[in-house]
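Each value in this text was obtained by applying a stated rule to the coordinates, not by laboratory testing. Bear in mind that the values here come from a model prediction, so they are computed numbers and not experimental data. Note that we place each Cβ from the backbone using ideal geometry, even for glycine, and neighbour counts take in every protein chain shown.
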Amino acid sequence: MNYLAVSDLVELHDHVITASGGLQGMRDTGVLESILAHIQNDEYYPDFAAKLTHLVYAVNKSHAFNDGNKRTSIMAGVYFLLLNGWETERVAHFAVSMEDIAVDIAANKISKETLAVLIMFVLSSAKTV
């Protein structure tokens, strides 16, 4: 399995802010290091779906960046999927589907457990060519 580095998350965030606006900068690099270390621990997150769920949820909720945490959480998930060989059509479907979900995570309307179910549904419902 391939994993993101902190520098990947920072670069994704910078791209998100440049493309869609917002405040650049970080609040806490240590939070990102912790998130990325946790998803590599198979005792906590034994499969890809669990790792993806934690990555998206934790980046969204941790507020490691000054702005753009929801958007960056989606892009982190997209990049993690691409790094691990997921088909472009499924990844695109994931990105679009996660827009409202990311807002609901931030508003405490979706738990991590519910996110796991939603991610599995989104990835399994995407059409492939």
Check: So, in the chain, how many Lys pairs have Cα atoms under 23 Å apart, if the pair is 8 or more places apart or on different chains?
Finding: 10
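May I ask you to order 109-117, 23-31, 56-64 by the average number of other C-beta atoms within 10 Å around their residues, highest value first?
Values: 109-117: 14.6, 23-31: 12.9, 56-64: 21.8.
Ranked from most to least packed, the peptides come out as 56-64, 109-117, 23-31.
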Check: How big is D, in µm² s⁻¹, for the stretch 6-125 by Stokes-Einstein at 25 °C and 0.890 mPa s if Rh is the Kirkwood radius over C-alpha pairs?
Finding: 173 µm²/s
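Net charge near VAL59, counting Lys/Arg +1 and Asp/Glu -1 over other residues with Cβ under 11 Å of its Cβ? Intermediate results must be reported in sequence, preceding the final value.
Numbers: positive: LYS61, LYS70, ARG71; negative: none.
Here the count lands on +3.
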Next item on the list: Would you pull out the residues with amide H under 5 Å of ASN66's amide H, same chain only if 5 or more places away, H placed 1.01 Å from N?
Entry: GLY25, MET26, ARG27
Next item on the list: Can you give me the three principal axis dimensions of the stretch 68-109 from its C-alpha atoms, in Å, biggest first?
Entry: 31, 15, 13
Next item on the list: Please turn the phi angles of the stretch 67-79 into ³J(HN,Hα) values with the Karplus equation 6.51 cos²θ - 1.76 cosθ + 1.60 (θ = phi - 60°), one per residue in order, whole Hz, x for glycine and proline.
Entry: 7, x, 5, 5, 5, 5, 5, 5, 5, 4, x, 4, 5
Check: Using 7 Å Cα-to-Cβ label points, what is the ARG27/PHE48 separation (nm, one decimal)?
Finding: 3.2 nm
Next item on the list: Work through the residues other than THR114 whose Cβ is under 14 Å from its Cβ and net out their charges, Lys, Arg +1 and Asp, Glu -1.
Entry: 0
